[in-house]
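Just so it is clear, none of the values below were taken in a lab; they were calculated from the coordinates. Just so it is clear, the model here is predicted, and its values are computed rather than measured. No Cβ is skipped: glycine too gets one built from the backbone with ideal geometry, and neighbour counts run over all protein chains shown.
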């Protein structure tokens, strides 16, 4: 699976935690990369999926930042793809789970492909 062309650099941000204090970094950094003309992707896995259920991200607000839901909406509006691990959904016992609209459910192999292709990865 090729996510980008051979010349395009990209950064992969992986969110593994449902800790509210760790939620903003991938979105701030991905939006910043986009502003720098660097492709960015976000991949949610493990416990990180818990904040993607409707209503959860609206409850998370840090300092003078907008709510996490507003940050996710801005990330998506800027054309930054957000992937969600299907295997993590099953691990959480979510056979059919409603998640925030606009996210892409992908297989676990996608993360391996992304890491192998990325010019840099950051994990949260």
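List of remarks:
- Three-way shape call for the chain based on the alpha-carbon gyration tensor, with the a/c threshold at 1.5: oblate
- Across the range 21-68, the relative contact order, built from alpha-carbon pairs under 8 Å that are at least six residues apart, equals 28 percent.
- Length added when fully stretched, residue 62-residue 122, from 0.36 nm per residue minus Cα-Cα: 19.5 nm
- Residue 90 versus residue 21: modelled label distance in nm, points set 7 Å from Cα along the beta carbon direction: 3.4
- Point-to-point label distance, residue 53-residue 36, nm (Cα→Cβ direction, 7 Å offset): 3.6
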